[in-house]
Every structure is written in structure tokens, then in C-alpha cells.
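Below you'll find the structure, written out as C-alpha cells, and then a few comments.
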Amino acid sequence: MKKILALVLALAMTLSMTFAVAEDFDVEAYGATSTELYTKNLGEFYDAYQLGRAEVTNLSLRYALMAIAEAKLMESAMYVPGSSNGGNYAIGRNAANTATSVLWGNDSYRYHDMIIVNEDPVTSQQWNVMKKAWAALAGTGTYEEWVKLYLTKEGYTFNTEYALGYTADPKTWDVLATSLAADAEAIVNTYDGLVEYDMENVMQPALATEWSVSEDNLTYTFKIREGVEWVDSQGRKVDDVTADDFVAGMNHMLDALGGLEYLVGSDGGCGIVNAQQYIDGEISDFSLVGVKALDDYTLQYTLEQPAPYFMTMLGYGVFAPMSREYFLSQGGGFGENYQPDAETYLYGKDPDHIAYCGPYVVTNLTPENTIVFSANESYWNKDNINIKTITWKYNDGTDALKAYNDMKAGVLASAGLNASALEVAKQDGYYDKYVRVSATDATSFGTFMNINRTAFANVNDGAVASPQTPEDAARTKKAMQNVHFRRAVAMGYDRAAYNAQTVGEELKLASVINSYTPGNFVQLTEDVTVAINGVDTTFPAGTYYGAIMQAQIDADGVAIKVWDAEAEGGAGASFGFDGWYNPEAAKAELAIAIEELAAEDVVIDAENPIYLDLPAYVASTIYNNRAQVIVSSIEESLGGLVKVNKTECQTSQEWYYTGYWTNAGYEANYDLYDLSGWGPDYGDPQTYLDTFLPDYAGYMMKCTGIF
């Protein structure tokens, strides 16, 4: 069981439930209830998924079985897909495709190869020319040279600074002890991994110069680049990079239990030998774990069983190196000597207490203002980076025009355009010449249903208190544990209108997604026959994951559409349409729920609606408007039998503490929640589906109020 770190706060219970989690809260009983609710609501998903996860030799069969499992996950309506990153209007001085567009891991946030121009933004016509050239040149190793020559001929010169906006300060600078994207996206620019995807999406050597795989696909051996240095934030050498740094990093990651340790365990990960046993406390001797430094510059990982996606995992933070000596000098320790709460423990507390082996060191951190990454003069590849300075500029979201105005003024290199900014861009004459549509990625943001709500105020400070009475809350909990009620809510809100508040009416469907794993994430390479509700069904080679999901959902008679075979010119897609919003189907599901809940003494009618709390960041016009779309469309679709309360968050901090910055489901202060999402860690559907495993193994389970 994953270590649970929770803040508890006991507040008086008045008529409104203004309490968070009582200090005598029974975590053991909560875990037992979570197991019971998981089995009831996600048991079919779990059973189907275990079949897919166990298949490691036939990848096509593996993908088909996982698609069937995800169909069951979607049918549960515990999570309702919403949107991905991208698919919005954008404008900027960045060249197309000069950061990797690989859909998994952290490499897309490595900006050292970005190409930024000094002059006016690149035009939409130039952008399209670059995109077309990238499609033709990807894999040849020539795109970077081509794009520099092209932009030079177009009259541009190149900037060595990349300035971009950000919305949340890192909570830690220890990449091995966090699962938050806001942390990892910053820290990834401070270290190199073993390998790295380049701008053409080709895996390249980084700190590993070469590697080999054993015949049984269980042992991976890497030669580590010699002559690489660790430096402190002042650029002073503190150590040499060796194979042992990857051993120390893995040891620290498994001690810290920051939330992503499952990626290397057998309960949802690649299954490094004895990693799961170390996580579970069954062994305490880290030397038994399958990561070894054979000598100063030879590193070896040993797996329990083949993991065909292993190499795609290596760009992610759980495989980051860490200087053992520097860590110890900052109060660190391993195993029972790891005491992060000790006064002497400084590692990762801020950018001055980490060691760097990547292209940048952090030279300025002003909270909620600016973070500056400056070129590391000791970086092994310093002569081959395009960007010498990365500057992050804070944006709290209260000014809808800030990013656009900062881009125009040259403060930022680029900006996405929300509905308000789009109208101003049209007035400025920028729209026709400069505005383009950004590509979508594989991130899945959506709405989570809390089926076992325990907290009714934020656990850190009691803010964002629920207006529900205890009687309201008891009725809501029973309703949310009914699958037909959840489906009614899921089918009852207009996700396109929700999306329009961010990207504008014209692009409201561009980034709408309909599944957790993108339907085109993987496809079959050979014919596969699987049972769909007992009927053997053959899917030919070339079939996309999403098509198999849809076949199972159709067989189960659930009125959701996760795959459109005609989309993308007939290639098929799971995005670009709203396959969930269906008021008539929502009413039908609600009618079933009303009948079933009546047997549990829960009456739902005009005088007795179900109340759902939705945290809303009201200081931001965009986020407040998005919340209002959920409120109005659900209430209209369900005839007022369900009422949605916008529980007001006055600051982004309050909003984040309703769910994003919580550690377990019992801290989740909402019934509906639309702030969290997931991006893939590696190139296999398992990277998504593992997040819904039980017993504290699934990272996103906490968003549903269990585990």
C-alpha cells in the first residue's frame, strides 16, 4: 500500500458541513470501504484489464484486451473525458515542431532545441510550410537545419531566450519525489536522462551512449557518458556523473514514494526486480532491487518479465539520476535514514539545493512571478543547444488578455488564445496573418465523480466549505454510487460549450476528447480475435485501439461514442466531437437511477433534488464561465432534478487544494471536479489504465474519492 501523507483538520460541524477530515478519521475503515466500492463500480474494468496487462508477447492482443477494459472504465462514468492540451488558436515566435511531439514522458518540456525568432510572430502560412516539411523530414535528422535556413530566408533572426507563461510554482525541486506536472515540467530542464526524444521524435543517446537488451528481454545494459559533471546552482562542480547516480536516484525515488513509484513496480509498472517488494516494505535491502552499477560507467536494469514499453519510459522523472554524495550533503539518506521532515533535510527544498547535470541551472526564482533557467556552462552538450535562457512568467488567470498582450509586447514568445484574446487579435489585424491552430496532444483532462466524499472543506485550511447539509450529503453519496446516476450527469453537460469558454466557439470541438487513452494511441499490427460479450470478434491489422473500445461499448448498449471511424479523413479519431453529451440519454439513465435509488429510500423529485458541489475558481472569468456551463447544462438536461453548487474558490491556491494538491481520496472536497488530468508516461495504454488500479496503486483513484 502506498504511503499516505495527509493533513487533518477538525472543524466544528454546523448546519452546513464546514468540516474537512476529522482528526480521529479511521483510515483503515476508509480503505476497506474503498475496496468494496472499487469492486462494485470498477470490478469489470479491473478483471478485463488484468487479462491485457498479463499479455506481454502479442502486442496486438494486449492492445485489444486493454481496449475492452477501457470500455468498461468509460461505462462506469467514474471519469468523464473532457479535453486535451492544444486544439486552440495560438500565435507566437516559435518555429513549428522544434520540441519533441512524442505523446509520452517529459521530453516535450525540454526546450533546449527550440527555435525562437526575434521579429514579428511567424505567420500562419509559414507555420503550415514548416509543419509540412516536418512531416516529410521527420526521422532524417535534417529538419532543424532546414527550418533554420527557411526562417533565415524569410527574414528572421534567432533569439536565444524562450519566454513562456506558467500557472503554478513547483512544490518541490526533487523530481524523484513528485508526481505533479507543475514540478516535473520545470525540473526536467535541470538534468539529462539516459535517452531523449529529439524534435523529429527519434530516441537519441543522452547520458547513455549505447545500450543492449538480453535475448530474454529482461536485462537492459547502458554505457554511461564519461566526463559529465554535476554542478550546484552557482555552476560549481560537486560530482561526476556515473552509473551509481541512477542507482541512487532509483533508491531515493522508492524511499520518497512521491506517487509515481508504481511505474517501476509490478503492480502497474515495468516490474524491475524486487522494486515492488521494496515499495511494500517486504524487503529493506535496496541491493536486492534490479538496478545495478556494474562499474563506474555501466548501468543495468533487470525486469521480472518482459515490458515491451521499457525504453519509452526512460525520459520520465522516475528514471532520473541523482548525485549520491550531493544528496547526502543536503541531509538526505536512504532506507530508514530517509527523513525528509528533519530540519537538516534540505534536498529539493528550492533550486539552490539540487545538483544539475542538464542544460540549465535555475538562477532566479521569485514565487508567483518569474523562474529563470540559465545555460549550464558545464553541460556536456552546451555547444549544441539553441536556447540559452528559459524564462517562466507567472499568470494567475485573472486577466484573460494577459498572455496575448505579453506575446505582442515580446514578453512571451507565444500564447494560446482564449475567446476574449481571439476577438482582440481580430481587432488588431493579427488573426488572418498570424493565428494558427495548435496540435492536440495525448493529455486527458476530464471530470471526476466523487463516490465516497469525506471532506467538505479544504483539508489544509478549511476554505471552500460545502453548503450541503448532512442530509444532502448522505443522499448525494448514495446517488453518486449509482452508475446510472453518474452516466446521467456525464451525459448531461455540454462539453463543447464548456471548451468554448477557453478556446472560443469556432474551435470548441477541436480538443474535445471522448476516451482516456486516445483512440489512435496504438493500433493492431496483426489480426486479433477477442471475445466481445462472449462472441468471438476479429479485428484486422491496422485497427485502432478506439475502434475496439467502441465495439465493446456498443455491445453493452451504453449511449456514448468514443470513436468516430469517419473522422480525420476516414482514419478515425476519438477527438473533435462530443460523444458523451446526450440530454435524452441522460434523462433515460436518470430515470433508471431514480427507480433504483428509491429502493434505497432516496427520493429524487422536484422538491428533493440531488445536490452536487463543483469547485469554481471565480476570480478567473474563463474558469468561472466553464463551471457555469457545467451547472446550467446539467440542471437543464436533467430537468432540475440535479442541482450543482459552484463552491467558490477565491484564489487558485484554494482551487488546487480542493483536489489537485490532495494526497488521498478522503481529502477530496467536491462531488464533481474538473481540474486534474493525465498525460502518458510511456508508449503503451497501460500508462493510462494503471492510474485506475485499486489499493492506492492507481494515481487518479483519489480523484474519485476512494483510495
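The values are calculated or read from the model by the stated rules, or taken from the named source; none is laboratory data. Since the model is a prediction, treat every value here as computed from it, not as a measurement. Cβ atoms come from the backbone with ideal geometry, glycine included; neighbour counts cover every protein chain shown.
Rundown of residues vs (1) over 21 Å from Asn514 (Cα atoms); (2) in contact with a Ser or Thr (Cβ under 8 Å, 6 or more places away or on another chain), yes/no style:
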site: Ile560; (1), (2): no, no
site: Tyr581; (1), (2): no, yes
site: Asp601; (1), (2): yes, no
site: Ile610; (1), (2): yes, yes
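Of all the criteria given as (1) part of a loop (DSSP other than H, G, I, E, B); (2) surrounded by fewer than 23 Cβ atoms within 10 Å (Cβ to Cβ); (3) touching a Leu at 6+ places or on another chain (Cβ under 8 Å); (4) not acidic (Asp, Glu), the one not satisfied by Cys270 is (2).
Taking the conditions (1) under 29 Å from Ser420 (Cα atoms); (2) of a type outside the set (Asp, Glu); (3) part of a helix (DSSP H, G or I) in turn, Ile592 satisfies each one other than (1). Restricting attention to segment 305-333, the residues that are of a type in the set (A, V, I, L, M, F, W, C) and more than 28 Å from Thr687 (Cα to Cα) total 2. Pairs meeting the criteria (first residue in segment 398-416 and free of Cβ contacts under 8 Å to residues at least 24 places away in the same chain, second residue hydrophobic (A, V, I, L, M, F, W, C), beta carbons under 6 Å, at least 6 apart or on different chains) are Leu401/Ala421.
Counting only helices (runs of 4 or more DSSP H) wholly contained in segment 461-524, the ones carrying 3 or more residues that are at pLDDT below 95 occupy 495-503.
Residue-by-condition table, conditions (1) under 23 Å from the mean Cα position of the chain (by Cα); (2) at pLDDT 95 or above; (3) of a type in the set (Val, Ile, Thr); (4) within 28 Å of Val362 (Cα to Cα):
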site: Gln125; (1), (2), (3), (4): no, yes, no, no
site: Lys153; (1), (2), (3), (4): no, yes, no, no
site: Thr172; (1), (2), (3), (4): yes, yes, yes, yes
site: Asp198; (1), (2), (3), (4): yes, yes, no, yes
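Taken over segment 643-652, residues that are more than 19 Å from Ala479 (Cα to Cα) and surrounded by 18 or more Cβ atoms within 10 Å (Cβ to Cβ) amount to 3. Residues of segment 358-390 that are in a strand (DSSP E or B) and either over 15 Å from Thr190 (Cβ atoms) or of a type in the set (Phe, Trp, Tyr) (or both): Tyr360, Thr366, Thr370, Phe373.
Pairs meeting the criteria (first residue in segment 536-565 and closer than 17 Å to Ala77 by Cβ and at pLDDT below 95, second residue of a type in the set (Phe, Trp, Tyr) and buried (at least 22 other Cβ atoms within 10 Å of the Cβ), beta carbons under 8 Å, at least 6 apart or on different chains) are lacking.
Matching residues to (1) in a helix (DSSP H, G or I); (2) touching a strand residue (DSSP E or B) at 6+ places or on another chain (Cβ under 7 Å); (3) of a type in the set (Gly, Ala, Ser):
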| site | (1), (2), (3) |
| --- | --- |
| Tyr611 | no, yes, no |
| Arg626 | yes, no, no |
| Lys643 | no, yes, no |
| Leu675 | no, no, no |
| Pro680 | no, no, no |
| Lys702 | yes, no, no |
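A count restricted to segment 273-312 and to residues that are closer than 26 Å to Leu59 by Cβ, part of a helix (DSSP H, G or I) and out of contact with any helix residue (DSSP H, G or I) (no Cβ under 8 Å at 6 or more places or on another chain) stands at 4.
For segment 320-342, the count of residues that are assigned to a helix (DSSP H, G or I), in contact with a helix residue (DSSP H, G or I) (Cβ under 7 Å, 6 or more places away or on another chain) and crowded, with 19+ Cβ neighbours inside 10 Å is at least one. Under 19 Å from Gly258 (Cβ atoms) and touching a Phe, Trp or Tyr at 6+ places or on another chain (Cβ under 7 Å), is that true of Asp684? No; evaluated as a whole, the condition is false for this residue. Counting only residues that are small (Gly, Ala, Ser) and free of Cβ contacts under 8 Å to residues at least 40 places away in the same chain, segment 589-644 holds 7 of them. With respect to Asn386, determine if the residue is buried (at least 16 other Cβ atoms within 10 Å of the Cβ) and either assigned by TED's automatic domain parsing to the domain that holds Ala668 or of a type in the set (D, E, K, R) (or both). No.
Is it true that some residue in segment 383-398 is of a type in the set (Ser, Thr, Tyr) and farther than 30 Å from Met199 by Cβ? Checked segment 383-398: at least one residue is of a type in the set (Ser, Thr, Tyr) and farther than 30 Å from Met199 by Cβ. Could you tell me which numbered condition Lys426 fails, if it satisfies all but one of (1) outside any strand (DSSP E or B); (2) more than 24 Å from Lys131 (Cβ to Cβ); (3) more than 22 Å from the chain's Cα centre (by Cα)? Condition not satisfied by Lys426: (2). Is it the case, given these coordinates, that Ile68 is closer than 15 Å to Ala415 by Cα, outside any loop (DSSP other than H, G, I, E, B) and of a type in the set (A, V, I, L, M)? Considered against the rule, which asks whether it is closer than 15 Å to Ala415 by Cα, outside any loop (DSSP other than H, G, I, E, B) and of a type in the set (A, V, I, L, M), Ile68 comes out as no. Residues in segment 63-102 that are of a type in the set (D, E, K, R) and over 18 Å from the mean Cα position of the chain (by Cα): Lys72, Glu75, Arg93.
Given (1) in a strand (DSSP E or B); (2) among the β-branched types (Val, Ile, Thr); (3) at pLDDT below 95, where does Val530 come up short, assuming only one miss? Condition (3) is where Val530 drops out.
Of all the listed residues (Gln339, Gln305, Gln330), the sole one being among the polar types (S, T, N, Q) and closer than 30 Å to Tyr688 by Cα is Gln305.
Do we find a residue being surrounded by fewer than 19 Cβ atoms within 10 Å (Cβ to Cβ), over 22 Å from the mean Cα position of the chain (by Cα) and at positive phi anywhere in segment 632-642? Yes, some residue in segment 632-642 is surrounded by fewer than 19 Cβ atoms within 10 Å (Cβ to Cβ), over 22 Å from the mean Cα position of the chain (by Cα) and at positive phi. Residue count for segment 595-609, restricted to those that are out of contact with any strand residue (DSSP E or B) (no Cβ under 9 Å at 6 or more places or on another chain) and assigned to a loop (DSSP other than H, G, I, E, B): 6. Hey, can you tell me all the residues within segment 155-199 that are assigned to a loop (DSSP other than H, G, I, E, B) and of a type in the set (Gly, Ala, Ser)? Result: Gly155, Ala168, Ser179, Gly193.
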